[in-house]
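Since every read-out is calculated from the coordinates, none of them should be taken as a lab result. This structure is a prediction, so every number in the text was calculated from the model and none was measured. With ideal geometry, Cβ positions are generated from the backbone for all residues, glycine too; neighbour counts draw on all protein chains shown.
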Amino acid sequence: MRSRRGGDRFLPPRIDFPLLDSLFSIHFLILCPVAQNRLANTPSPYMRFSFNFILHLLGFGVLVTTLLAGFILDRKFRSEQNVDLKLYVGGIVRTIGLLSPLAAFILFTTGIGNIYNRYADSTTSWYQEGWLVAKIMVFVLMLLNGVIYGPKLSRSRMNLVKTMRDNTAPADPEKLLALINRQLTLFYLVQTVLLLLIIYLSVFGSAKHPGAF
């Protein structure tokens, strides 16, 4: 491409990525701010290169790891016959659960940064994007379910098992334990569905897919 010199300012060649545009969505492509300036009045389909986006992905990884590890250890807790080992596994579950608020904090703060990076140079507001509003609502619901409902069930189950070990359990402790286990199964099912919905909205809900939202 020939550049103009002399009285005119040097114009660098424009680089297009048609193949990448069709293959990757907003959450899986990180380009420099120059690429964002290609769209002046619409939200760019690219994220600015930043450590904020990397931290967002790391927070999401911590969240997935916490959910998966909690589910696996929950199954181990149920299958363990030794009460002391059962309580030990339950303690590990509660320790891993402490990572959930950390993951939520990372995702929340870096999510705000991602919104700024995406809409800072755009005349479109973030709340005009239906997919983004839906994603935030699902995330808040998942956060509340994970911070309030899950730990409450885990504490109730641990306390019940301790009373069973000390022979101070209420009537029909096995029945109560089975009820709590069913509620925890429902908890993990709801969290998994919400997580998959967040992934779907992240991948297919961007402005590159206007047919969805």
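Brief remarks follow.
- Across the stretch 176-183, coupling constants 3J(HN,Hα) worked out from phi with the 6.51/-1.76/1.60 Karplus curve, θ = phi - 60°, read 5, 5, 5, 5, 5, 4, 5, 5 Hz, and Gly and Pro carry x.
- Compared with the direct C-alpha span, the chain from V140 to R94 gains 14.4 nm at full extension, assuming 0.36 nm per residue.
- For the stretch 99-109, 3J(HN,Hα) per residue [Karplus equation, 6.51 cos²θ - 1.76 cosθ + 1.60, θ = phi - 60°, Hz, x = Gly/Pro]: 6, 4, x, 5, 4, 5, 5, 4, 5, 5, 5
- Order of D74, D172 under a 10 Å beta carbon neighbour criterion, fewest first: D172, D74
- Between D166 and R75, the distance separating the two model label sites (each 7 Å from Cα on the Cα→Cβ line) works out to 3.3 nm.
- Rounded to the nearest whole Hz, the Karplus-based 3J(HN,Hα) values (6.51 cos²θ - 1.76 cosθ + 1.60, θ = phi - 60°) of the stretch 151-165 follow the sequence x, 4, 5, 5, 5, 4, 5, 4, 5, 5, 5, 5, 5, 5, 5, with x at glycine and proline.
- Backbone N under 12 Å from the S50 label point (7 Å along Cα→Cβ), restricted to the stretch 66-109: 109
- Between V83 and V193, the modelled label-to-label distance comes to 3.6 nm, taking each label 7 Å out from Cα in the direction of the beta carbon.
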